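Written below as structure tokens is the structure these notes are about.
The values are calculated or read from the model by the stated rules, or taken from the named source; none is laboratory data. Computed from a predicted structure; not experimentally measured. Cβ atoms come from the backbone with ideal geometry, glycine included; neighbour counts cover every protein chain shown. Side chains included, ligands, DNA and RNA excluded: accessible areas come from the protein's heavy atoms. Shrake-Rupley method; radii C 1.70, N 1.55, O 1.52, S 1.80 Å.
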Amino acid sequence: MECYRTHYSTEVTTAQHGCEITVAGWVQDIREMGSIAFLILRDRMGTLQVTMLKKKLDPELFKKLCGLNRESVIAVRGTCKPSDKARNGYEVIPEEVEILSEAGTPLPMGVVDKVGVDLDTRLDNRFIDLRKEEVQAIFKIRNRVIEAAHGYLRGNGFIEMHSPNIIGASSEGGTDLFAVQYFEKQAFLSQSPQLYKQTMMATGFDRVYEIAKYFRAEQHNTRRHLNESTAIDLEMAFVRSEEDVMGTLERLIRHIWDHVADNCTDELSLLGVSITVPSLPMRRVTYDEAVERLAKSGVDIKWGDDIGTEAEKLLGDLMQKEGCEFYFITKYPLEAKPFYAMPENGMADDRYARAFDLELNGVEITSGAQRIHDVKLLEERITAKGLKPSDFEGYLKAFRYGMPPHGGFGLGIERIVMNMLGIQNIRECTLFPRDRMRISP
Ligand code: AMO
């Protein structure tokens, strides 16, 4: 046998009754009652009762196990028996117990204690925090979100790509870039795969996606921004308008919600969350309409400005009253969007862009657009944004020798998980968050 484990706790079922099994995990609790001791063993699937009978184990080992610190790691070989008293209806009577790693004491924080600890303490001790079943549930759901995205996109002709994370020019605006010294040159950590996924549209790979890392030097410490985040980035060619892209996005979202609803029943109920698979099409609200609605509710936004966090939240409340959890904000002012967004009528000085955001309960989870594919127009828009076309030569070149019309979007994974599960702080949705104050662990 190569591994210490042959079964996870939940795989031990009535089928194994009377059989010999091996389980391995962390000691969550031990209660000694004279000649018998109950040990709760935890693995990634749940917990299992190990009922230790003094007469069946070496007395020295029995004593050692009873004095073992919580969170030590052990492997147990024994017989599985039905038991009315044990939580899952079965217990393991050990014949052999191996102590694989003894935990130090005191623990930096508890795993099953009811006393709450603050988020910073949890993040400082993330390896223990992640032993909690409710924290694990978030990441099991996140895993299903990503699984659903891969499944849907591959099933619909998208090919997975990986673009460089060290880049020479900004795609999303210059202020929130992390600079890195790249030999004799200045380089940056990529803010998104934007320029590369667009470049791919010139290659014949006309549908690509990437589970991408975004590095953004956001100065603000907010509950919904990270300095390193993850997104599902997609680009598709031969679109007629941004509507084609929005259609793909809403079908992808529906598939993700469906997949989580089907595969995460235990995790959702553990977190006390019920999710509703959205019906399609999702509502479309133009930027102008959104601004008008907000004005009627007493919040004035100067035309052309971003809809700020508070106004976005208010709009979310207004939309929720109409039964819309999800809604698109479409037809943004051109100036509010990056240089690559297609002007509504293909003119550099158009008022609107063929760009959209997808909102979930008042939080932006996606941005996307049809892109400019005409190189002259693209150069004009780069210049209009105060940038230099020469800094983008590697990207612009791909537009000079046959570039189809195209569009795409970036869908933040932490934002999805956060809003799907009603989590207040985005840091809970990534294993080891990077924010203004934190680069460790
Ligand atoms: P944008 O900058 O709007 O668009 O990002 C797309 C989505 O990524 C998520 N996101 C973030 N999540 C957490 N912390 C951050 N700092 C952060 N920044 C972004 C959000 C957001 O909606 N290139 C375009 C996408 C495209 O047009 O294809 C882009 O990056 O969910």
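Close amide H pairs (under 5 Å, H built 1.01 Å from N) link residue 165 with no residue at least 5 positions away or on another chain.
Each residue of the range 36-52 is assigned a 3J(HN,Hα), and the resulting list reads 9, 9, 10, 10, 9, 9, 10, 10, 6, 9, x, 10, 8, 8, 10, 9, 9 Hz, derived from the Karplus form 6.51 cos²θ - 1.76 cosθ + 1.60 (θ = phi - 60°), x at Gly and Pro. Among 114, 397, 376, the sequence by solvent-accessible area, most first, with a 1.4 Å probe is 114, 376, 397. Which is the longest part of the chain that has none of the chymotrypsin sites (Phe, Trp or Tyr not before Pro) sitting in a DSSP loop with at most 12 other Cβ atoms within 10 Å? Between the exposed loop sites, the longest stretch runs 1-182.
Among the listed pairs 376/397; 81/132; 213/337; 296/321, a Cα-Cα separation exceeding 18 Å is found for 81/132; 213/337. Distance between the C-alpha centres of the range 298-358 and the range 235-293: 17 Å, rounded to the whole angstrom. Solvent exposure of the range 1-153, expressed per residue, is 52 Å² of accessible area, with all protein chains present and a 1.4 angstrom probe.
Solvent exposure of the range 194-276 amounts to 44 Å² per residue of accessible area, where only protein heavy atoms count and the probe is 1.4 Å.
Over the range 308-441, give the accessible area per residue in Å² for a 1.4 Å probe, as an integer.
Computed with neighbouring chains in place, this is 41 Å² per residue.
For residue 293 and residue 203 in the same chain, what is the full-extension length gain: residue separation times 0.36 nm, less their Cα-Cα distance, in nm?
Stretched out fully, the residue 293 to residue 203 stretch lengthens by 28.1 nm.
By definition, a body whose alpha carbon gyration tensor gives a ≥ b ≥ c is oblate when a/c is 1.5 or more and a/b is not larger than b/c, and the range 122-196 fits this oblate description. Measuring between their Cα centroids, the range 1-33 and the range 378-412 lie 57 Å from each other.
Applied to the range 98-106, the Karplus parametrisation 6.51 cos²θ - 1.76 cosθ + 1.60 on θ = phi - 60° returns per-residue 3J(HN,Hα) values of 10, 8, 8, 6, 8, 7, x, 9, x Hz, with x for Gly and Pro. Taking all protein chains together and a 1.4 Å probe, the residues 63, 385, 54 rank 63, 54, 385 from largest to smallest accessible area. Per-atom-type breakdown for the range 20-167 gives carbon and sulfur 50% of the accessible area (1.4 Å probe, protein chains only).
For GluC sites (Glu not before Pro), the sites in the range 1-94 that DSSP calls loop and that have at most 13 other Cβ atoms within 10 Å are 2. Among residues other than residue 197 with Cβ under 14 Å from its Cβ, the summed charge is -3 (Lys and Arg +1, Asp and Glu -1).
Under 1.5 on a/c is rounded, so check that first for the range 285-441, then, if it is not, pick prolate when a/b is larger than b/c and oblate when it is not; a ≥ b ≥ c are the square roots of the alpha carbon gyration tensor eigenvalues. Please report the intermediate quantities before stating the final value.
Working: a/c = 2.16, a/b = 1.34, b/c = 1.61.
Taking the square roots of the gyration eigenvalues as a ≥ b ≥ c, the range 285-441 is oblate.
Only alpha carbons enter this Debye calculation for the chain, each as an equal point scatterer, and the log10 of I(q)/I(0) it gives at q = 0.06, 0.12, 0.13 Å⁻¹ is -0.35, -1.02, -1.14. Rolling a 1.4 Å probe over the protein chains gives residue 7 an accessible area of about 40 Å². Amide H to amide H distances under 5 Å link residue 230 with 214, 413, 414, where only residues 5 or more positions off or on other chains count and H is placed in the peptide plane.
The share of accessible area on the range 239-370 that comes from carbon and sulfur is 46 percent, using a 1.4 angstrom probe.
Computed over the chain, the per-residue total of -39500 (n - 2.57) for DSSP H runs of n ≥ 4 gives a 222 nm mean residue ellipticity of -8000 deg cm²/dmol, rounded to 500. The listed residues 21, 423 rank as 423, 21 when sorted by accessible area, largest first, using a 1.4 Å probe. Summarising the amide proton neighbourhood of residue 365: residues at separation of 5 or more, or on other chains, whose placed amide H is nearer than 5 Å comprise 358, 359, 360. Shown in residue order for the range 148-161 are the 3J(HN,Hα) couplings computed by the Karplus curve 6.51 cos²θ - 1.76 cosθ + 1.60 at θ = phi - 60°: 5, 5, 4, x, 5, 6, 5, x, 10, x, 8, 10, 7, 10 Hz (x for Gly and Pro). For a test of the definition: using alpha carbon positions, the gyration tensor, and the 1.5 limit on a/c, classify the range 139-276 as rounded, prolate or oblate. Here the range 139-276 falls in the oblate category.
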